[in-house]
1. What is the antiparallel percent of DSSP beta bridges lying wholly in the protein assembly as shown, to the nearest 5?
2. Select from A:185, A:64, A:74 the residue whose mean-square fluctuation is largest in a Gaussian network model of chain A (Cα-Cα springs shorter than 10 Å).
3. Considering Cα pairs under 8 angstrom that are at least six residues apart, work out the relative contact order of chain A and quote it in whole percent.
4. Can you give the relative contact order of segment B:25-154 as a percent, counting alpha carbon pairs under 8 Å and 6+ residues apart?
5. Per DSSP H run of at least 4 residues, take -39500 (n - 2.57); add these up for chain B, divide by its residues and hand me the 222 nm value, nearest 500 deg cm²/dmol.
6. Round to a whole angstrom and tell me the spacing of the C-alpha centers of segment B:1-80 and segment A:197-225.
7. Quick check: from the Cα gyration tensor, does segment A:183-276 come out rounded (a/c under 1.5), prolate or oblate?
8. If you take the square roots of the eigenvalues of the alpha-carbon gyration tensor of segment B:199-238 and sort them as a ≥ b ≥ c, do you get rounded (a/c under 1.5), prolate (a/b over b/c) or oblate?
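Please treat every number below as a calculation from the coordinates, not as lab data. These numbers were taken from a predicted model, which means no experiment stands behind them. FYI the Cβ positions are ideal-geometry reconstructions off the backbone, even for glycines, and counts take in every protein chain you see.
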């Protein structure tokens with residue numbers, strides 16, 4: 001890849017899974033920051049839009065997603081975070097989405113997931129991938145700095161609330177989210193942490209401790225109340241693996257969207273995207289992992305993913 | 001290239017296990033001062049592997065401990081025969097812990113591929129700490145055989161062998177003083193699953209026919225039939241270490257029947273997920289299960305809950321015995337989890 005800062009050239013090469021140079025990554029992050037800095041903690045997104053869940057560095061599966069969801073730039077996309085970690089191509093995946101944001105700022109909305117964090121990326125692979133592909137931590141630093149600028153949530157036409165994890169006992173009304181200072185590493189507790197870490201739980205009445213160690217488990221009463229107070233049709237979130245690509249909870253008052261098929265090359269699950277039309281009706285397009293012939297595999301982890 | 005078993009890849013699974021165990025130890029899940037000597041290149045291991053290997057070692061250790069306790073009255077001592085032990089360090093950990101007096105009456109045998117045994121011997125010869133408990137090291141214990149160097153000390157034997165060749169195995173064991181009459185625990189920690197089922201069954205049948213008081217502990221993957229299982233089969237085949245026995249014995253129930261058919265009259269099984277879920281509810285001596293579970297959860301970020309449940313549901317530990325002298329109830333009580 002030559003060292004141009006021409007967005008179209010960088011985009012073309014990213015679509016081939018070609019690794020950008022360190023200076024190109026710095027430049028893209030700089031351009032993206034200028035856009036993110038103007039976005040509020042809850043981004044207003046017009047319909048129609050295609051909502052996507054976790055992609056976790058699975059570059060070739062992201063390309064599958066674009067094939068079934070529609071060309072970026074023509075189709076409006078909203079990604080619910082967790083772009084990095086686990087998969088072998090976190091850098092290429094995140095940079096593709098970031099460059100698409102720079103190229104089509106009104107057609108690509110990115111919000112933060114719990115993996116867009118300095119701490120988590122040091123455990124789950126993004127940091128190691130940066131060190132392996134660049135020999136130093138600069139790219140990791142540029143990316144984790146831009147993570148701090150990512151918005152926390154989105155709302156589609158005031159009716160579909162979108163967040164990576166879920167709800168917080170500190171937030172009853174959506175406009176309370178505006179008060180959060182989001183330009184920080186994901187905290188260990190508090191509203192911002194909860195939004196990125198919480199999970200719905202059909203067996204929970206209201207709030208319970210989340211076994212992940214951050215955020216809460218929230219139940220039916222909480223969701224009914226939140227949807228009513230905020231006049232919502234449904235909550236769309238990601239964060240939890242779904243075998244069938246998506247999963248409704250609480251009589252369809254909440255839905256989980258998951259966009260990483262055969263997660264971590266091991267879970268054999270399907271993935272999906274949530275298509276919201278002009279009338280705010282939604283449907284799901286389910287897809288599977290890109291077949292081997294479509295994957296140009298250059299890097300492979302050597303440690304095992306099973307107990308051998 | 002379905003089911004092409006590559007010997008080197010199968011041998012390599014031992015290196016993977018050692019690496020994951022070292023990672024788990026270094027993260028503070030459990031103690032093992034010896035595993036570091038058996039890992040050449042340290043690589044990053046994910047939390048799910050750290051926790052999974054902690055549970056694996058925990059289950060194996062508990063069952064070994066219970067075998068030793070249950071047979072502490074054996075006047076002529078006990079034996080442990082580890083099939084395909086690889087880089088396992090339990091021999092040293094048992095001696096270090098000093099928990100069980102019966103360890104003084106324990107003779108430990110390991111049978112593995114010649115190349116693995118040579119590697120293990122090379123490592124022992126470089127590390128004084130590993131040599132300490134080996135009586136007679138090195139001159140009295142290192143023996144050259146047609147298959148390669150072996151180690152034969154009064155209570156520790158490293159034997160070059162092939163688990164598919166039971167006659168050779170029998171000759172080796174006999175030659176090196178195995179007592180077929182005393183309580184003997186056989187361990188297969190992710191080993192027999194890589195062997196063709198007919199060969200593996202032949203070995204199991206040999207054990208119950210030849211040993212008077214055999215016990216068996218088996219830790220393996222199971223259930224190749226659901227999506228996760230099918231993917232696991234595909235991935236492992238690609239890696240050259242296909243699970244040859246798992247299609248014939250594709251469920252926990254079929255494994256129980258297998259062991260019963262091959263002569264073990266007591267067989268019990270625990271799914272690893274269940275073991276984790278009940279970690280807070282043990283009644284094991286000196287172990288506060290709730291406290292232990294909390295300690296484990298606090299060790300590191302763990303964002304793989306769904307995968308954890310999936311992978312743990314696909315592994316189990318089985319313990320069996322052929323013993324006419326005790327009841328099924330008593331077997332489960334003293335030897336069960």
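1. Taking every DSSP beta bridge with both residues in the protein assembly as shown, the antiparallel ones total about 50 percent.
2. A:74
3. On the way: 669 pairs, mean separation 57.9, N = 308.
Here the relative contact order equals 19 percent.
4. Working: 111 pairs, mean separation 28.7, N = 130.
Computed value for segment B:25-154: 22 percent relative contact order.
5. Values: 13 runs with 147 residues, N = 337.
After summing the helix terms and dividing by the residues of chain B, the value is -13500 deg cm²/dmol.
6. 36 Å
7. Working: a/c = 1.66, a/b = 1.20, b/c = 1.39.
Because a/c hits 1.5 or more and a/b fails to exceed b/c, segment A:183-276 counts as oblate.
8. prolate
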